[in-house]
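First up is the structure itself, then whatever we jot down about it.
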Amino acid sequence: MNTKPFTSGLGKNAVMITRVADRQWHALDDDLVVGRAHAQHRPDGRLFVSIDAWHDVAFDLLAEAMLAELPSPLYTLVDEADVELTAGWRRAGFTIRRREWEYVVPTDPRVTGLGEVLPPPGVTIVPAGQADESLLRAVDRAIRDEVEATVGWQSMPAEVVPRPEGDTIVDPSKYAVAAAPDRYLGLIRVVRVKRPRIGLVAVRAVEQRRGIARALLAHALGTLHHSGAPAAWAEVQESNQAAAALFEGIGARPMSSNLELVR
């Protein structure tokens, strides 16, 4: 356990930074915890850091302690509306890498206009929980390889669900797929935690512009609507104009934005 003193003037004692566990730190002021920091590898291999501190002194000291021990590059994700938190990371040398818009997506087909949308000829939608796992993993791997070969998978919204090393399908039951007779062409992942979240909708490059993504959305949103969920959420990178047009075309609206920062 490592400690680092700093005379803050905020209390009788100096603020102390203590590493309490691997990649976890606390800031103590007169034995009171006034800040916490931790670092965690995301499924794509990048190291993300976060700090929750009562005041700027604790934040800056926690950031200094983390940066001294962790390898670069480091990433963090903040709500763009949180100006104070963004300023703290900027003081620590982080810069904006990209912006993600968070969309609220209606599920009612009378609003989305997806009620009559069907997949193209020769394609069927396999509901979540019914997909063949080997074919699901094959299309997921193929799509990831295609994205990596072009814009890079790191351009996709940050993946936060823990998964075993090398496994990109956390829970096969969360995926609905677009299927041809011999293979899968696309997929959509919907996760329900506090609210339904569309974590991924993607189609093989050679199958795009056939309406498969709209058919997957029609199926997933229709299923949510029938279950009583009035809306879902999705993140779209600012530069991904095709994804933004897809969601906005069904009545989705950006409600907030997140900044991914890097140092």
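The values are calculated or read from the model by the stated rules, or taken from the named source; none is laboratory data. Computed from a prediction, not measured in an experiment: that's the story for all the values here. FYI the Cβ positions are ideal-geometry reconstructions off the backbone, even for glycines, and counts take in every protein chain you see. These area figures cover heavy atoms from the full protein model, side chains too; ligands, DNA and RNA do not enter into them. Shrake-Rupley method; radii C 1.70, N 1.55, O 1.52, S 1.80 Å.
Does ASP145 fit the bill of being exposed (fewer than 13 other Cβ atoms within 10 Å of the Cβ), among the acidic types (Asp, Glu) and farther than 18 Å from ALA180 by Cβ?
So ASP145 fits the description; yes.
Considering only segment 191-222, state which residues are under 22 Å from ALA252 (Cα atoms) and touching a Gly at 6+ places or on another chain (Cβ under 7 Å).
If the condition is that a residue be under 22 Å from ALA252 (Cα atoms) and touching a Gly at 6+ places or on another chain (Cβ under 7 Å), then VAL191, ALA202, VAL203, ILE212, ALA213, LEU216 are the ones that fit.
Select from segment 15-40 the residues that are assigned to a strand (DSSP E or B) and of a type in the set (D, E, K, R) and write down the one among them that is least open to solvent (accessible area, probe 1.4 Å).
ASP29
Of all residues being among the hydrophobic types (A, V, I, L, M, F, W, C) and open to solvent by less than 30 Å² (accessible area, probe 1.4 Å) in segment 80-123, which is farthest from ARG209 (Cα to Cα)? Just the residue, please.
ALA92
Only residues that are in contact (Cβ under 8 Å) with a residue 60 or more places away in the chain, open to solvent by less than 50 Å² (accessible area, probe 1.4 Å) and either under 16 Å from VAL33 (Cα atoms) or of a type in the set (Asp, Glu) (or both): list them for segment 44-79, please.
ASP44, ALA65
Which members of segment 228-263 meet the condition of being of a type in the set (Lys, Arg) and either out of contact with any Ser or Thr (no Cβ under 8 Å at 6 or more places or on another chain) or within 24 Å of ARG192 (Cβ to Cβ) (or both)?
Across segment 228-263, the qualifying residue is only ARG253.
With the requirement that a residue be more than 22 Å from TRP101 (Cβ to Cβ) and among the basic types (Lys, Arg), what does segment 182-211 give you?
Of everything in segment 182-211, those that are more than 22 Å from TRP101 (Cβ to Cβ) and among the basic types (Lys, Arg) turn out to be ARG183, ARG204, ARG209, ARG210.
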